[in-house]
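Before any comments, here is the structure.
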Amino acid sequence: MRKIFLIFFISLLIISCSTLKPKATGDETEIITYVDSLLYSQIERDLKFVFHRLIYTPQPESLFAIKPEFQIYSIDKLKYRKNLMFVSTLDDKSDIGLYILNMLDPASKELVQKDSAYIFIKNDLWSKGQIVLILIAKDKETLLKHLRKDRNEIYIYFRDEFFRREMNAIISEGHNKKDIEKYLLEKYNWKIFVQHDYYIAKDSAQEKFVWLRRRTPEDMERFIFVHWIDSVYDPYKFFNQVWIANKRNEITKKILQNNTR
């Protein structure tokens with residue numbers, strides 16, 4: 001099985017040794033990308049194919065957006081952003097290419113030259129809650145090969161960090177209804193995280209159903225339906241997509257038609 005080496009090289013460790021780091025700033029969905037303009041023109045389509053993926057909320061949106069930076073001197077201003085990516089090749093002699101090359105120690109450069117490594121990651125490098133990813137290959141053709149072959153693996157690094165930040169923000173002190181969580185645990189012996197602005201709209205032990213409801217000043221309403229059943233012999237066969245869809249339709253038809261705002 002092919003392995004990707006994740007190396008926290010010496011130069012990065014020296015830069016990041018300070019414990020007095022500010023909190024990362026900027027948009028959660030922006031990936032500030034330092035890359036030479038010529039190289040970017042050659043890989044732009046493939047790079048965007050990695051990160052510009054549609055999700056439906058319900059309208060189609062992209063979770064991430066590449067924000068290219070073609071001048072390395074802006075790093076002093078942007079190095080505290082939440083998402084930073086450096087893209088280059090070993091034969092890139094541009095200012096950005098040389099800057100990225102100087103971030104690698106000799107052992108890392110050798111791994112890149114052998115095509116044994118192309119991704120290097122550091123969390124909290126210049127600021128807390130930050131992810132910095134270096135994507136480098138020995139030449140443009142090898143870089144394109146990895147962008148196309150390993151697009152999911154590259155994407156996951158930023159996606160997982162995005163969800164980690166979101167979860168930390170949601171479960172931070174004061175953002176959940178501990179009284180509701182405790183009530184449901186004691187009554188039904190299951191637990192769910194309840195965001196601070198949700199309340200119980202319906203609670204039926206007979207129907208084995210709990211409806212958590214949320215209203216905002218903008219009148220945007222959100223629901224969480226919880227339904228449970230007695231244990232079954234083979235849950236993996238029982239809980240298939242057809243059963244789940246049918247049960248969802250049954251519950252929503254019954255609840256939403258019998259309740260008004």
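In region 131-153, the residues that are under 22 Å from residue 78 (Cβ atoms) and in contact (Cβ under 8 Å) with a residue 24 or more places away in the chain reach residues that are part of a helix (DSSP H, G or I) and open to solvent by less than 10 Å² (accessible area, probe 1.4 Å) with C-beta atoms within less than 6 angstrom, at least six apart or across chains, in these pairs: 136/112. Any residue at all in region 70-87 that is at pLDDT below 90 and in contact with a strand residue (DSSP E or B) (Cβ under 9 Å, 6 or more places away or on another chain)? Taking every residue of region 70-87 in turn, none turns out to be at pLDDT below 90 and in contact with a strand residue (DSSP E or B) (Cβ under 9 Å, 6 or more places away or on another chain).
Would you say residue 31 is modelled with pLDDT under 95, part of a strand (DSSP E or B) and aliphatic (A, V, I, L, M)? Working first, answer last.
Details: modelled with pLDDT under 95: no; part of a strand (DSSP E or B): yes; aliphatic (A, V, I, L, M): yes.
Against the criterion (modelled with pLDDT under 95, part of a strand (DSSP E or B) and aliphatic (A, V, I, L, M)), residue 31 does not qualify.
Here residue 186 does not fit the description of being under 27 Å from the mean Cα position of the chain (by Cα), modelled with pLDDT of 90 or more and over 25 Å from residue 243 (Cβ atoms).
Could you count how many residues in region 222-240 are outside any loop (DSSP other than H, G, I, E, B), in contact with a helix residue (DSSP H, G or I) (Cβ under 9 Å, 6 or more places away or on another chain) and farther than 15 Å from residue 207 by Cα? Quick ask: steps written out before the conclusion?
First, pick out the residues of region 222-240 that are outside any loop (DSSP other than H, G, I, E, B): 222-227, 235-238.
Subsequent filtering for residues that are in contact with a helix residue (DSSP H, G or I) (Cβ under 9 Å, 6 or more places away or on another chain) retains 223, 225-227.
From what is left, the residues that are farther than 15 Å from residue 207 by Cα are 223.
Result for region 222-240: 1.
Here region 178-207 is the region considered, the condition is being under 19 Å from residue 230 (Cβ atoms) and in a strand (DSSP E or B), and the residue that is most open to solvent (accessible area, probe 1.4 Å) is 203. Filtering region 155-177 to residues that are outside any helix (DSSP H, G or I) and under 19 Å from residue 223 (Cα atoms) leaves 171, 175, 176, 177.
The values are calculated or read from the model by the stated rules, or taken from the named source; none is laboratory data. Bear in mind that the values here come from a model prediction, so they are computed numbers and not experimental data. Cβ atoms come from the backbone with ideal geometry, glycine included; neighbour counts cover every protein chain shown. Protein only, heavy atoms only, side chains kept; ligands, DNA and RNA dropped before computing areas. Shrake-Rupley method; radii C 1.70, N 1.55, O 1.52, S 1.80 Å.
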